[in-house]
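Input: a single structure, listed below in structure tokens.
The values are calculated or read from the model by the stated rules, or taken from the named source; none is laboratory data. Computed from a predicted model, the values in this text were never measured in an experiment. Using ideal geometry, Cβ is built from the backbone for each residue, glycine included, and neighbour counts are taken over all protein chains shown.
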């Protein structure tokens, strides 16, 4: 796990990078104390639009959209490794202290997995193709390519 990594050529940062068995997770953490986290669609029967992210009743889909730059930065760093094993790079929004519907649990908006801390641990520990030594090597590579902020 890498914390608070600088995006080269920018003042922006990546909160966390987790290298798990299934790939690399780019984690943006947000703290919205006691705010309801939900995905909403427009309610149409044959809706083709992706759902939108609402936090405390306000549209916060911009948080999902902001993941693109972070993920592309990490993908480029992973690509520099030139490994034969294809490595998935997956975006995650993790809400700390948010409120979730009783049975809602984590959800996706596009490619972004939206969850809380417990869901993050479960999601990043999923089985996958990367063995322990590959994960360590990948973690060291990412640490060298993406310095601490």
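One residue alone among 45, 33 is modelled with pLDDT under 90 and within 17 Å of residue 94 (Cβ to Cβ), and that residue is 33.
Only one of these conditions is not met by residue 107: (1) in contact (Cβ under 8 Å) with a residue 40 or more places away in the chain; (2) under 11 Å from the mean Cα position of the chain (by Cα). Which number is it? All conditions are met except number (2). Scanning region 32-42 for residues being assigned to a strand (DSSP E or B) and under 16 Å from residue 112 (Cβ atoms) gives a total of 4.
When you check residue 24 against the structure, is it in contact with a helix residue (DSSP H, G or I) (Cβ under 8 Å, 6 or more places away or on another chain), closer than 20 Å to residue 110 by Cβ and at pLDDT 95 or above, yes or no? Yes.
Surrounded by fewer than 13 Cβ atoms within 10 Å (Cβ to Cβ), in contact (Cβ under 8 Å) with a residue 40 or more places away in the chain, closer than 22 Å to residue 148 by Cβ and in contact with a strand residue (DSSP E or B) (Cβ under 6 Å, 6 or more places away or on another chain), is that true of residue 5? It is false that residue 5 is surrounded by fewer than 13 Cβ atoms within 10 Å (Cβ to Cβ), in contact (Cβ under 8 Å) with a residue 40 or more places away in the chain, closer than 22 Å to residue 148 by Cβ and in contact with a strand residue (DSSP E or B) (Cβ under 6 Å, 6 or more places away or on another chain).
Filtered by the rule that a residue be farther than 22 Å from residue 3 by Cβ and surrounded by 14 or more Cβ atoms within 10 Å (Cβ to Cβ), region 95-107 gives 99, 100, 107.
Check 114, 87 and return the single one that is touching a strand residue (DSSP E or B) at 6+ places or on another chain (Cβ under 6 Å), assigned to a loop (DSSP other than H, G, I, E, B) and buried (at least 17 other Cβ atoms within 10 Å of the Cβ). Can you show your working first?
Numbers: 114 fails: assigned to a loop (DSSP other than H, G, I, E, B).
Only one candidate passes the filter, namely 87.
Assigned to a loop (DSSP other than H, G, I, E, B) and in contact with a strand residue (DSSP E or B) (Cβ under 9 Å, 6 or more places away or on another chain) - does that describe any residue in region 14-31? The answer is yes, given that some residue of region 14-31 is assigned to a loop (DSSP other than H, G, I, E, B) and in contact with a strand residue (DSSP E or B) (Cβ under 9 Å, 6 or more places away or on another chain). Scan region 51-58 and tell me whether some residue there is loosely packed, with under 14 Cβ neighbours inside 10 Å, in a strand (DSSP E or B) and at pLDDT 90 or above. Yes; the residues of region 51-58 include at least one that is loosely packed, with under 14 Cβ neighbours inside 10 Å, in a strand (DSSP E or B) and at pLDDT 90 or above. No other residue among 92, 71 is under 27 Å from residue 6 (Cβ atoms), under 16 Å from the mean Cα position of the chain (by Cα), assigned to a helix (DSSP H, G or I) and modelled with pLDDT of 95 or more apart from 71.
Within region 117-135, if we keep just the residues that are surrounded by 14 or more Cβ atoms within 10 Å (Cβ to Cβ) and closer than 30 Å to residue 41 by Cα, the residue that is farthest from the chain's Cα centre (by Cα) turns out to be 119. Considering only region 17-29, state which residues are under 17 Å from residue 69 (Cα atoms) and surrounded by fewer than 19 Cβ atoms within 10 Å (Cβ to Cβ). The answer is 29, and nothing else.
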